[in-house]
1. What residues qualify as long-range amide H neighbours of B:Val573, i.e. H under 5 Å apart, gap of 5 or more or another chain, H built at 1.01 Å from N?
2. Write down the percent of antiparallel bridges among all DSSP beta bridges whose residues are both part of chain B, to the nearest 5.
3. Just from its helices, what would the mean residue ellipticity at 222 nm be for the protein assembly as shown, if runs of 4 or more DSSP H residues each count -39500 (n - 2.57) and the sum is divided by every residue, rounded to the nearest 500 deg cm²/dmol?
4. Using +1 at the C-beta of Lys and Arg and -1 at the C-beta of Asp and Glu, which of B:Phe198, B:Leu256, B:Gln162 has the Cα lying farthest in the positive direction of the dipole of the protein assembly as shown?
5. Please report the equivalent ellipsoid semi-axes of chain B, computed as sqrt(5 x eigenvalue) of the Cα gyration tensor, largest first, in whole Å.
6. May I ask you to derive the FRET efficiency for B:Ser554 and A:Val32 from their Cβ-Cβ distance with R0 = 56 Å, giving the value to the nearest 0.05?
7. Please give, to one decimal in nm, the separation of the simple spin-label points placed at B:Leu210 and B:Arg448, each 7 Å out from Cα toward the Cβ.
8. For Cα pairs less than 8 Å apart in space and 6+ apart in sequence, what is the mean separation divided by the residue count of region B:384-532, i.e. the relative contact order in percent?
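Only the coordinates and a few stated rules stand behind these numbers; no lab work does. Bear in mind the structure is a predicted one, so any value in this text is a computation, not a measurement. As a convention, Cβ positions derive from the backbone with ideal geometry for all residues, glycine included, and neighbour counts pool all protein chains shown.
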Amino acid sequence: MDDHDPHEIHAPPPRKSREVLTLARRRRLMRVMTAVLLGCIVGAYTLGALSERVIAEEESDLLPVPLEALIIGAAFTLASLPTAWSIVGRVLIPVPTFYIYLTVLLGKNPPLPFYAAFVVAGLYSAALTALSRDLAERPTRPKLGSSRTRTRRATPG
Amino acid sequence: MFLNGTSRLSLPWRSLWERLARQSVRDNEVSLIVISALISIAIGLGVIVLQVLVQQLHQILFAIAPNERLSESTVPDWWRVLLVPCAGGLLSGVATVLIRRWRPREIVDAIEANALYGGKMSLIDSANLALLTVISSGFGASVGLEAAYTQLGSGMASRFGQLLKVRRSDLRTLVGCGAAAGIAAAFNAPLAGAFYAFELVIGSYSPTVLAPVSMAALSSTLVLRALYGNESIFGLDAQVHITGTDFALFAGLGVLAAVIAIATMTGVTRIERFLRRQELPRWVSPALGGFVVGMIATIYQEVLGSGHGALQLVLDNSLPWAVLLGLIASKGLASAVSVGAGFRGGLFSSSLLLGAVFGGATVAPLQGALHLMGFAGLELDRVAYMLVGMGAVAAAVVGAPLTMIFLVLELTGSFPAALGVMVGVIIASLVVRQTFGYSFATWRFHVRGVPIRGGFDVGWIEDLSVGTMMRRDPPTAPLGTTVAKFRQRFPLGGPNPVFLVDGTGRYAGIVATADAYNPDLDQKLDQPIDELRTTSDQFLLPEQNVRTALRRFSSSESETLAVVSDAKTLHVVGFLTEGYALRRYSQELERSRAEELGEHSLYGPA
């Protein structure tokens, strides 16, 4: 005998299909790999930039040059990961990046004037921070029915 | 053009000229060779003009010495490095918007023209693209001029061929000749130019195209050597030494080169997407890209321009490993940003520099690894690795492996170096083909939604549309027609099949005439014929091509399909049989094959 109450609604928990889960996992993996790849590029770029310095005064580093480049690259990777705690990486980027690129721009041949080096180093620092934020927080495409798609649909025209 | 003047001639003279022009060009292989040589002289001169223009722009805008190349020189003023590319981006962006208003169509390049349009290109569009590329490279964007050379060369050749009304296959060959002449003159390398045309623009090598393409490449190179000297993009002072172990390492280098090439190609698309997401005005993107290139150049000036000067610089000097690593990152980034932001130009030159730097950067770690493994006596030749890296990355990006092998052979004159490059190039090309599947040019087509993978002629499939093949006298009967009336109107041996339409003229299915004469129906003559209809939901559209039509025949398992005006009104305008579509397809396939081999088609005149 069926003892189910006919008025009771038995809603099964929402289940995502295997394809959807696989796609989501693949997309997440791609974003992590992008973050790692870009971190390597930032690290290599910084290492090369630090090696371009020829003026001895500007080579008074706190840490060995490869370690500095590694830290910047790792911080960028961390800041670009699509996770809530990527903000930790983003906190680490601005000041060291600014300082490192300031020494690069003042120590290369020919050196930039201080005001120009200051501005360009600031731009480097801001660009890396903004890019990492974009990579971490931007969904690849808005989910169906999400606030982004609803807003877009509601917009006239 | 002097040929346009023929329209002013009186009819007999005009007729005589056209006959002479057609007969001498269309039926004579030698005349095609002569024409290709003549056009290539003009293309060689065009290449020199573009090179001089860009060099002048570099001297004026960056204040470099007349005998220096931008990417190897030290620009005296920091603000020039930072701001000139940005200004170039602004100029390029505004020029692009203005040109788009004037000519809104997408510019057709040599590969697309040969694949889809039977070699037809616009000379004005080509000149516009060359102008935009000169602005881009002249203002320091990290792009090469090769795109301008090939576009202008093939555009000139195509225009000339169209004026002479040459056959489709000859026009495609002339477009290849133009591209070959452009590349040959750009690098002072006729073999590389010719193989560039075979591999990329024509899509195949056959005896009929060998002579005109080779002649074109040779002519433009001779013009360049006569007027500009025997200089190439780089020179080598010492011999290259390669041992057996090196070949194994070159294979590994090829794999890594493929990774760099794929990262650069996809990087361009990612940057394009990023900028599109910002919803900036179209003319702003190149300026923004120019500013980023300027910022990179404040540290790495080698990224400015095509990079030919920097190529010589890295080959001549043993730069520290860290600097080479930084150069790989900066050049890859600058090139991707330049192209992705909307500067015009290609990645040919950029990939050469990127590859050479990459090859150089691998030497120190490999040497270290060999020492650790006990091969302490084995010294790796830095230049050999640079050449292999250069060829491998460029072959993977450009999608022309033989071109790169011949380019290295012609530029270095070193057979051992060419052999080493061959290993790296083959592995890199293989990895890119297996994992990514595109060269930079075909990747751009893919992103644009253009379904071509090279210069092979697939345009005839598009031209062979249902509209051109269908019969335009479809026998129709209204829905509800009785069997008796149907038999009266369509006797056995008459029209077959018959297409049913409803009261509003919409397509409603097919009835085979023979089915209406089934003896079982003799007692049901008042019954409507509708029950006999089939494929009421299967039809063709006039604009669909033969390939789509054949697929539809296969899926519907029907030998005849109705052709309707459009999917909304479903008004029957004709019909097509599978047999006829297959016959036309095989005819065109045979004609295309015969044209490629320079033979007479089975279906053409003997």
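1. Here the answer is B:Val563, B:Val564, B:Ser565, since their amide H atoms fall under 5 Å of that of B:Val573.
2. Numbers: 15 of 20 bridges.
In chain B, approximately 75 percent of DSSP beta bridges are antiparallel ones.
3. Values: 30 runs with 482 residues, N = 763.
Rounded to the nearest 500, the figure is -21000 deg cm²/dmol.
4. Result: B:Gln162, furthest along the dipole toward the positive end.
5. Numbers: eigenvalues 595, 156, 123 Å².
Three semi-axes, in Å: 55, 28, 25.
6. Details: r = 43 Å, r/R0 = 0.77.
Calculated value: 0.85.
7. Going from the B:Leu210 label point to the B:Arg448 one covers 3.3 nm.
8. Numbers: 168 pairs, mean separation 24.9, N = 149.
17 percent.
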